[in-house]
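Engineer: First the structure, which I've put down as structure tokens, then a few questions once you've had a look.
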Amino acid sequence: MKTIKAKAVTALNKNFETIQIQRRLPNPDDVVIAISHCGICHSDIHTARGEWGGPKFPCVPGHEIVGHVIGKGAKVKKFKLGDPVGVGCFVNSCGRCDSCKNHEEQFCEKGATFTYNSATPDVPGHTLGGYASEITVKEKYVLKIKKGLPLDKVAPLLCAGITTYSPLKKYGTKKGYKVGVVGLGGLGHMAIKLAKAMGAEVTVFSTSANKEKDAKKLGAKKFVLTNDSKIFADLAKNFHLIINTVSAKHDINPYLTALKIDGTMVMLGVPPEPNQVAATSLIYGRKKLTGSLIGGIKETQEMLDFCAKKKVFSDIELIQADQIDEAYERTIKGLVKYRFVVDMKSL
Ligand code: NAP
Ligand code: ZN
């Protein structure tokens with residue numbers, strides 16, 4: 001075991017504190033990573049604040065992890081010491097079920113081991129994430145990052161990037177497609193950039209009037225302030241695909257109306273309370289309502305390579321490790337442009 005530093009919440013309603021945690025010594029197929037940066041995803045906040053049920057303490061969130069290889073087991077082939085690498089939302093899966101064989105490890109039938117708050121044989125019995133100076137991960141779940149890229153702006157691709165890339169790709173985003181993005185936060189801003197890079201015309205739906213200029217700068221053609229419900233009447237039957245990234249309870253029926261016949265809305269946000277859907281919102285126009293969960297390792301690598309080629313990175317605010325509590329408060333208020341990333345060297 002190696003003792004390293006991490007930022008943890010040690011009980012509900014407490015602020016982050018610096019603690020010492022243990023990482024396992026590398027097994028033959030393990031990669032040891034010195035974490036340089038870790039993004040702050042709203043899922044970190046839902047988890048650390050107990051919004052999805054009780055977190056396990058100490059709770060060390062963080063699943064938008066980038067850094068460099070500083071150690072490896074004897075069987076590791078894909079990586080050399082010093083390579084820039086990434087780790088996303090899960091660090092293990094059974095490897096044998098249909099989902100794993102189908103490169104969709106996030107849907108592992110035995111349950112994927114998520115990067116934090118999942119059961120593990122390692123101490124303390126649950127996984128501890130990327131708000132830490134190091135992490136040890138099986139080679140198979142480590143992503144390659146092209147040398148020379150800005151690692152701080154790459155970190156959010158490991159969750160916000162793949163979570164939006166996967167449904168955009170699956171539902172056929174291409175030139176001529178009209179894509180709506182609901183909520184301009186971490187996931188939302190990546191959805192705009194990626195849909196635009198795939199050739200689509202993007203409309204942003206937001207509750208924040210002051211984000212209009214940014215939405216256009218990020219690549220959106222139109223901006224709809226959702227406080228004005230009359231606007232939805234003009235948008236009926238408009239979109240092939242809507243990517244919904246909202247983290248809180250809201251009325252999703254107007255967005256279903258805005259879909260074209262056979263159009264699809266993909267739910268990505270995980271509000272703690274359920275949304276209500278009127279059957280008529282789906283029936284008139286054979287609309288589809290579905291969800292999507294991050295993406296498998298193969299697709300995450302494909303997304304990283306796509307982003308490197310198209311020069312698509314996250315717009316970030318780089319913060320120090322002692323600013324995480326403040327960053328959570330600002331994220332909840334929608335006051336982040338557009339992802340906080342922690343400089344882990346400041347830990
Ligand atoms: P975020 O940066 O906080 O962005 C969420 C955005 O939602 C806000 O910027 C805001 O946009 C909008 N919003 C917030 N409260 C709202 C309300 N009451 N009504 C309407 N709009 C509201 O969060 P994120 O990191 O992008 O994550 C978004 C959600 O996706 C979270 O629930 C997270 O847990 C989930 N998530 C899911 C997956 C997956 O695999 N499915 C992966 C990662 C994250 P405007 O200011 O533009 O209105
Ligand atoms: Zn996330």
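Engineer: Go through segment 279-311 and give me each residue that's more than 16 Å from ligand 2 (Cβ to nearest atom), in a loop (DSSP other than H, G, I, E, B) and open to solvent by less than 40 Å² (accessible area, probe 1.4 Å).
Structural biologist: Once the filter is applied, which keeps residues that are more than 16 Å from ligand 2 (Cβ to nearest atom), in a loop (DSSP other than H, G, I, E, B) and open to solvent by less than 40 Å² (accessible area, probe 1.4 Å), segment 279-311 yields Gly285, Lys287.
Engineer: Related question: Can you tell me how many residues within segment 1-31 are of a type in the set (Asp, Glu) and either more than 26 Å from Tyr338 (Cα to Cα) or within 16 Å of ligand 2 (Cβ to nearest atom) (or both)?
Structural biologist: Summing the residues that are of a type in the set (Asp, Glu) and either more than 26 Å from Tyr338 (Cα to Cα) or within 16 Å of ligand 2 (Cβ to nearest atom) (or both) in segment 1-31 gives 2.
Engineer: Can you name the residue in segment 312-333 that is in a loop (DSSP other than H, G, I, E, B) and buried (at least 18 other Cβ atoms within 10 Å of the Cβ) and is also nearest to ligand 1 (Cβ to nearest atom) among such residues? Walk me through it before giving the result.
Structural biologist: Here is the first cut: in segment 312-333, the ones in a loop (DSSP other than H, G, I, E, B) are 312-315, 320, 333.
Filter once more, so that each one left must be buried (at least 18 other Cβ atoms within 10 Å of the Cβ): 312-314.
Working: Val312: 16, Phe313: 16, Ser314: 11 Å.
Here the residue is Ser314.
Engineer: Taking only pairs six or more apart or across chains, which ones have beta-carbon atoms under 7 Å, a first residue in segment 151-177 that is under 13 Å from Phe313 (Cα atoms), and a second residue that is among the polar types (S, T, N, Q)?
Structural biologist: Sorted first by the residue in segment 151-177, then by its partner, the pairs are Leu151/Ser36; Lys153/Ser314; Pro156/Ser314; Leu157/Ser314; Ala160/Ser314; Ile162/Thr300.
Engineer: To continue, here is another question. Any residue in segment 330-347 that is over 17 Å from Ala8 (Cβ atoms) and away from ligand 2 (no atom under 15 Å from the Cβ) sitting within a Cβ distance under 8 Å of a residue that is open to solvent by 40 Å² or more (accessible area, probe 1.4 Å) and of a type outside the set (D, E, K, R)? List the pairs, counting only those 6 or more apart or interchain.
Structural biologist: Within 8 Å, the pairs are Gly334/Thr207; Asp343/Leu318; Asp343/Gln320.
Residues are listed down the side, and each one gets a yes or a no for (1) in a loop (DSSP other than H, G, I, E, B); (2) open to solvent by 20 Å² or more (accessible area, probe 1.4 Å); (3) on the phi < 0 side of the Ramachandran plot:
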{"position": "Gly180", "(1), (2), (3)": "no, no, yes"}
{"position": "Leu184", "(1), (2), (3)": "yes, no, yes"}
{"position": "His189", "(1), (2), (3)": "no, no, yes"}
{"position": "Thr203", "(1), (2), (3)": "no, no, yes"}
{"position": "Glu212", "(1), (2), (3)": "no, yes, yes"}
{"position": "Lys216", "(1), (2), (3)": "no, yes, yes"}
{"position": "Ala233", "(1), (2), (3)": "no, yes, yes"}
{"position": "Ala236", "(1), (2), (3)": "yes, yes, yes"}
{"position": "Ile243", "(1), (2), (3)": "no, no, yes"}
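Engineer: A further question on this structure: Hey, among Leu241, Leu235, which residue is more than 16 Å from ligand 2 (Cβ to nearest atom) and at pLDDT 95 or above?
Structural biologist: Numbers: Leu235 fails: at pLDDT 95 or above.
Only one candidate qualifies: Leu241.
Engineer: If only one of Thr173, Thr164 is over 11 Å from the mean Cα position of the chain (by Cα) and among the polar types (S, T, N, Q), which one is it?
Structural biologist: Values: Thr164 fails: over 11 Å from the mean Cα position of the chain (by Cα).
Selected residue: Thr173, the only one of Thr173, Thr164 that is over 11 Å from the mean Cα position of the chain (by Cα) and among the polar types (S, T, N, Q).
Engineer: Looking only at residues that are among the charged types (D, E, K, R) and in a loop (DSSP other than H, G, I, E, B) in segment 32-88, which one is nearest to ligand 2 (Cβ to nearest atom)? Outline the logic, then answer.
Structural biologist: First, the residues of segment 32-88 that are among the charged types (D, E, K, R): 44, 49, 51, 56, 64, 72, 75, 77-78, 80, 83.
Imposing the further condition that a residue be in a loop (DSSP other than H, G, I, E, B) reduces the set to 49, 56, 64, 75, 77-78, 80, 83.
Numbers: Arg49: 15, Lys56: 18, Glu64: 7, Lys75: 30, Lys77: 29, Lys78: 24, Lys80: 28, Asp83: 23 Å.
Step by step, filter segment 32-88, then rank; the result is Glu64.
The values are calculated or read from the model by the stated rules, or taken from the named source; none is laboratory data. If you're wondering where the values come from, they're calculated on a predicted model, not measured in any experiment. Every residue, glycine among them, receives a Cβ derived from its backbone with ideal geometry; neighbour counts consider all protein chains shown. Heads up: the accessible areas ignore ligands, DNA and RNA and are worked out on the full protein's heavy atoms, side chains in. Shrake-Rupley method; radii C 1.70, N 1.55, O 1.52, S 1.80 Å.
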